[in-house]
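What follows is a set of notes on a single structure, which appears directly below.
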Amino acid sequence: MPSQKLKNRIHRPGPSSFWLCYIGIFFIVLSIAAKDEVFRVACVGDSITQGARVDADTQSYPVRLAEILGAPYEIRNFGVGGATMLRSGKPTVWSKLEAIKAFEPHHIIIALGTNDTVEGHRRNWSRIDRFEPDCKDLLDELLGMPSHPTICLAGPTSMVLETPGLSEQRQINLRERKPRLQQLRGILNNLVEVTANDRVHFLDLASVFERRPELMTHSDGVHPNIYGYKELALVVARLIESKHGKSKDIKKDRWQGFERQHFKVQGRSAWIVVPLKAAEGRPWIWRARFPGFHAEMDQQLVGHGFHVGYVDVAGFFGASDAMEKGDAFYHFVTQRYQLSRQPVMEGVSRGGLFVYHWAMRHPEWVSAIYCDTPVCDPRSWPGGQGKGMGSVRDWDRFMKVNGLTPETSHAYRAPIFKNYGLLVRYQIPIMHVISENDRIVPPEENTLKLKTYLFNRGHSMELIRVKKGTSVSHGHHFTHPEPDRVVRFIRRHAK
């Protein structure tokens, strides 16, 4: 038998044992604390969340989201191919409820609805009256979790009928289901509003893929390709950063007494002026070039709850590079700030090229157009091929960004005058202000020419005329005579 002295040595921990225990406890506490510092995000949805048509382990949007956000975020994919919001669906997202709860997420992205529009043998659309109550029940279940998650109800992504390779049968199916998706977006948005809980938000993902077939899987029209999944991840990342307060790329200053937020889009400087309280529908003005010129209207509109946005596309003269940067800016601000999908475009001088080229690229995304002495025909300015003074340096730049040479430039025709029929077709309200003695951008070669084209097609343009601009500006600049009229025009037509 061991002696009493040996027993004491066995049962009484020495100094080294004490410190080992202490260190062990310390690391246990540290691991618990570290777990609490991790921000857990649950991505809940169907095959678009799961990562169909790509390697889901490396290219799904939750994987790309984790790459974008980095530490301290932990992202988990709860996507189920074919899943519905409907409890009766087979399969249904409800099968993942317990696993989601066990994850204890701090933020939940719910992206569902695409499969709820299916009829056929699955008969989901026949039971769509259960969509809203089932969604409300799911919200209640998730809101009651001990982790108190912030929940984003996402309006489902679009079906892209422009996707190459779609069979006739596939086109018919998607065309039938596409308006159903819009109906579900309205239900989800309304549910968020009536829930009136600060932890529940709506994020409309419709514009992420709308008319962007380059982001979609060939011959599919529903599921994104690897570039589409990355774009989707970027949109969701911006939302999470804004809600979680982790955005590092936004710098703030003041503009006319309002907060202005600066950021980069595709390497170009951009900003948004934020009103004290956004107007219903979250309307916004998109300024193109010279954002400080005649900004008194914008100042009034911010006071009325409008956001004002700007991205620097100087030197592109409305060419394709400008359009790509404009698209990126549009998707960024409409998602991050949840702005209307139909801004009012506002262009000054050469900014008219950007405004009209973008409006003709996306006419369904434009509420109205207001332009101040805009360039409509580059041959007038900077080409100087009419009555205007022109600019040799800017004309050379214009030809370069548009891939023109002295030999091919003579055949160039302004896109505004080639495609103005889209303005008529979509009945986009238009207002211009001009000075009649403008020698930089002669109105008869630009605004008045466009006005005549529109009139001949049965479409009107509101026009504010100024007799004389300043001599030092060759008639191009002037004190704005009717800023209140412009404000009324924009408020009347903004969507």
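Specify the residue that is farthest from HIS432 (Cα to Cα); the eligible residues are those in the range 475-495 that are in a loop (DSSP other than H, G, I, E, B) and of a type in the set (A, V, I, L, M, F, W, C).
ALA494
Show the residue pairs that are 6+ apart or on different chains and have beta-carbon atoms under 6 Å apart, the first residue being within the range 452-466 and surrounded by fewer than 18 Cβ atoms within 10 Å (Cβ to Cβ), the second being assigned to a helix (DSSP H, G or I).
Matching pairs, first to second residue: ARG457/VAL424.
Quick check: anything in the range 164-186 under 14 Å from VAL200 (Cα atoms) and surrounded by 14 or more Cβ atoms within 10 Å (Cβ to Cβ)?
no
In the list PRO72, PRO91, PRO62, which residue meets the criterion of being surrounded by 10 or more Cβ atoms within 10 Å (Cβ to Cβ), touching a Cys at 6+ places or on another chain (Cβ under 6 Å) and modelled with pLDDT of 80 or more?
Being surrounded by 10 or more Cβ atoms within 10 Å (Cβ to Cβ), touching a Cys at 6+ places or on another chain (Cβ under 6 Å) and modelled with pLDDT of 80 or more holds for just one of PRO72, PRO91, PRO62, which is PRO62.
Report yes if ASP321 is surrounded by fewer than 23 Cβ atoms within 10 Å (Cβ to Cβ) and assigned to a helix (DSSP H, G or I), otherwise no.
Against the criterion (surrounded by fewer than 23 Cβ atoms within 10 Å (Cβ to Cβ) and assigned to a helix (DSSP H, G or I)), ASP321 qualifies.
Go through (1) closer than 24 Å to PRO382 by Cα; (2) open to solvent by 60 Å² or more (accessible area, probe 1.4 Å); (3) part of a helix (DSSP H, G or I); (4) modelled with pLDDT of 95 or more and name the single condition LEU448 misses.
It is condition (2) that LEU448 fails.
Which of the residues spanning the range 112-160 are open to solvent by less than 20 Å² (accessible area, probe 1.4 Å), over 16 Å from ALA83 (Cβ atoms) and part of a strand (DSSP E or B)?
ILE151, CYS152, GLY155
Are any residues in the range 262-290 without any contact (Cβ under 8 Å) to a residue 40 or more places away in the chain, more than 15 Å from PHE316 (Cα to Cα) and open to solvent by 30 Å² or more (accessible area, probe 1.4 Å), and if so, which ones?
Across the range 262-290, the qualifying residues are HIS262, LYS264, LEU276, LYS277, ALA278, GLU280.
Right, PHE417: of a type in the set (A, V, I, L, M, F, W, C), surrounded by fewer than 18 Cβ atoms within 10 Å (Cβ to Cβ) and touching a helix residue (DSSP H, G or I) at 6+ places or on another chain (Cβ under 9 Å) or not?
Judged against the criteria, PHE417 is a match.
Looking at the range 420-471 only, could you name the residues that are basic (Lys, Arg) and in contact with a helix residue (DSSP H, G or I) (Cβ under 8 Å, 6 or more places away or on another chain)?
ARG425, LYS449, ARG457
Here are the criteria: (1) over 30 Å from ASP484 (Cα atoms); (2) open to solvent by 60 Å² or more (accessible area, probe 1.4 Å); (3) part of a loop (DSSP other than H, G, I, E, B); (4) not small (Gly, Ala, Ser). Tell me which single one HIS410 does not satisfy.
Here HIS410 clears every test but (3).
Go through the range 84-111 and give me each residue that's over 30 Å from the mean Cα position of the chain (by Cα), part of a loop (DSSP other than H, G, I, E, B) and either at positive phi or not polar (S, T, N, Q) (or both).
Passing the criteria: ARG87, GLY89, LYS90, PRO91.
Just wondering, is there one or more residues in the range 173-181 that are within 30 Å of ALA322 (Cβ to Cβ) and modelled with pLDDT of 90 or more?
Looking through the range 173-181, at least one residue is within 30 Å of ALA322 (Cβ to Cβ) and modelled with pLDDT of 90 or more.
Could you tell me which of the residues ASP249, ASP220 is assigned to a loop (DSSP other than H, G, I, E, B), open to solvent by 60 Å² or more (accessible area, probe 1.4 Å) and over 30 Å from ASP372 (Cα atoms)?
None of the other options fit; the residue is ASP249.
Which condition number in (1) surrounded by fewer than 19 Cβ atoms within 10 Å (Cβ to Cβ); (2) at pLDDT below 90; (3) part of a helix (DSSP H, G or I) is the one that ARG211 fails?
(3) is the only condition that ARG211 fails.
Restricting to the range 337-352, name every residue that is modelled with pLDDT of 95 or more and on the phi > 0 side of the Ramachandran plot.
If the condition is that a residue be modelled with pLDDT of 95 or more and on the phi > 0 side of the Ramachandran plot, then SER349 is the only one that fits.
What residue, of ASP312, ASP253, ASP298, ASP321, is over 16 Å from the mean Cα position of the chain (by Cα) and in contact (Cβ under 8 Å) with a residue 60 or more places away in the chain?
Selected residue: ASP321, the only one of ASP312, ASP253, ASP298, ASP321 that is over 16 Å from the mean Cα position of the chain (by Cα) and in contact (Cβ under 8 Å) with a residue 60 or more places away in the chain.
Checking HIS201 against (1) of a type outside the set (Lys, Arg); (2) modelled with pLDDT of 90 or more; (3) in a loop (DSSP other than H, G, I, E, B), which test does it fail?
Of the numbered conditions (1) of a type outside the set (Lys, Arg); (2) modelled with pLDDT of 90 or more; (3) in a loop (DSSP other than H, G, I, E, B), the odd one out for HIS201 is (3).
Mind listing whichever residues of the range 337-396 are of a type in the set (Val, Ile, Thr) and in a helix (DSSP H, G or I)?
VAL355, VAL392
Could we say that TYR310 is surrounded by fewer than 19 Cβ atoms within 10 Å (Cβ to Cβ) and closer than 25 Å to LYS243 by Cβ here?
In short, no.
The values are calculated or read from the model by the stated rules, or taken from the named source; none is laboratory data. It should be emphasised that the depicted structure is a prediction, and the values quoted were computed from it without experimental measurement. Ideal geometry is used to build each Cβ from the backbone, glycine not excepted, and the neighbour counts take in all protein chains shown. Please note that ligands, DNA and RNA were not included when accessible areas were found on the heavy atoms of the full protein model with its side chains. Shrake-Rupley method; radii C 1.70, N 1.55, O 1.52, S 1.80 Å.
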